[in-house]
Amino acid sequence: MHGALRLVGWRLLTGLGVLWGAATLAFLVLHLTPGDQAQAIVGGENAAPTPEVIAQVTREYRLDEPWYVQYLLHLGRVVRGDLGTSYRLHTPVTQAIGEQAGATLELAAAAAVVALALSVVVALASAKRRRWVRGLASGSELVIASIPSFWLGILLLTVFSFGLRLFPATGSHGFQSLVLPALALALPIAGVLGHVLREALEEVLEEPFVISARTRGQGDMAVRLRHALRHALVPLITMTGYWVGALLGGAVITETLFTRQGIGRLLLGAVNAKDLPVVLGVVLLSAGIYVLVNLLVDLLYLVIDPRLRDAPAPAARTAVEGSA
């Protein structure tokens, strides 16, 4: 039990470091990119404010301060939970993110279900099968995982939207508008997860408890589902951070390509407009989700292997990853 508490404390401490690093990196990148932030606040490049208005905005937002002073001011507001107001939308950042979060969560959840289902089905069907079956599955996974999401999305649009006219090309309403974006986001992830799961299954299928189950007369698929799959899922749990990050990162491209509402498009518009509060808010949200997911994975490790409950905190996760 003490090991579990140490692990949680260690993860929370490192999580704070991740949040600080994410906020710092976003701040520095935006301040190093070309463009006048005061101009962005008053309406962007198409606006024509007077020099007096620019000077007033500069003083009000303290843009005339050195960059490190602005950085400390931003960190202070973040610590207080004040993400500020969007320069572009003129609404609180929390409201702007909240209005778009539902669409992104819907897309990410659908893509996660599709990716997990495809990887499990393909791995179960191809592990320890004939060489050509395994080769076909492995080659398909490699090709799919190598295709950029942008090109994969264009291919899906060309075939299923413009060609067969089965699904709409754009929009965020209804089940049909979710199918192609979810597939574009899920397929590359499924390719990686399927490869990892098949290798894990092939190792587990050689274990003595699997051979014992076969000698008791259980069928091949029953052995795979009831005994081997549960143990082979451990590497997928280890990779949870990877595919959660892939879902969040891929949402930017997918939502832009399919003209969907969501946090991805909100972030892209904020970066183009140098809307610093929105960028910091989205980056912190993504980092927070990543930290939370990894904390849950660490706790799940303790359920999988109770021996880790009394292990030193930094070594606990390493032990499970090594055994996986």
Problem - Condition check for Arg129: within 19 Å of Leu205 (Cβ to Cβ), assigned by TED's automatic domain parsing to the domain that holds Val196, over 25 Å from the mean Cα position of the chain (by Cα) and in contact (Cβ under 8 Å) with a residue 60 or more places away in the chain - result: no
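Across the range 145-160, what is the number of residues that are buried (at least 18 other Cβ atoms within 10 Å of the Cβ) and farther than 18 Å from Ala251 by Cα?
Of the residues in the range 145-160, 0 are buried (at least 18 other Cβ atoms within 10 Å of the Cβ) and farther than 18 Å from Ala251 by Cα.
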Practice task
Determine whether Gly191 is farther than 28 Å from His231 by Cβ and of a type in the set (Gly, Ala, Ser).
Solution key: no
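Going through the range 82-115 one residue at a time, which ones are closer than 30 Å to His227 by Cα and out of contact with any Leu (no Cβ under 7 Å at 6 or more places or on another chain)?
The answer is Ala109, Val113.
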Fill in the blank from the handout: Selection from the range 172-183 of residues of a type outside the set (A, V, I, L, M) and either in a loop (DSSP other than H, G, I, E, B) or at pLDDT 90 or above (or both) yields Ser172, His173, Gly174, Phe175, Pro181
Fill in the blank from the handout: Counted residues in the range 161-175 being free of Cβ contacts under 8 Å to residues at least 40 places away in the same chain and surrounded by 12 or more Cβ atoms within 10 Å (Cβ to Cβ) come to 3
Practice task
Please work out if Leu247 is under 15 Å from the mean Cα position of the chain (by Cα), modelled with pLDDT of 80 or more and surrounded by fewer than 15 Cβ atoms within 10 Å (Cβ to Cβ).
Solution key: no
Fill in the blank from the handout: Restricted to the range 1-43 and to residues being modelled with pLDDT under 80, part of a helix (DSSP H, G or I) and of a type in the set (S, T, N, Q), the residue farthest from Leu284 (Cα to Cα) is Gln39
Exercise for the section: Check the range 177-193 and report whether any residue there is touching a residue at least 12 places away in the same chain (Cβ under 8 Å), surrounded by fewer than 20 Cβ atoms within 10 Å (Cβ to Cβ) and polar (S, T, N, Q). Expected result: yes
Problem - Count of the range 73-123 residues which are of a type in the set (A, V, I, L, M, F, W, C) and loosely packed, with under 12 Cβ neighbours inside 10 Å - result: 1
Exercise for the section: Answer yes or no as to whether Ile289 is surrounded by fewer than 20 Cβ atoms within 10 Å (Cβ to Cβ), touching a residue at least 40 places away in the same chain (Cβ under 8 Å) and under 24 Å from Glu99 (Cβ atoms). Expected result: yes
Exercise for the section: Would you mind stating whether Glu202 is buried (at least 17 other Cβ atoms within 10 Å of the Cβ) and at pLDDT 80 or above? Expected result: yes
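The values are calculated or read from the model by the stated rules, or taken from the named source; none is laboratory data. No experiment lies behind these values; they were computed from the predicted model shown. Methodologically, a virtual Cβ is constructed for each residue, glycine included, from the backbone with ideal geometry; neighbour enumeration extends over all protein chains shown.
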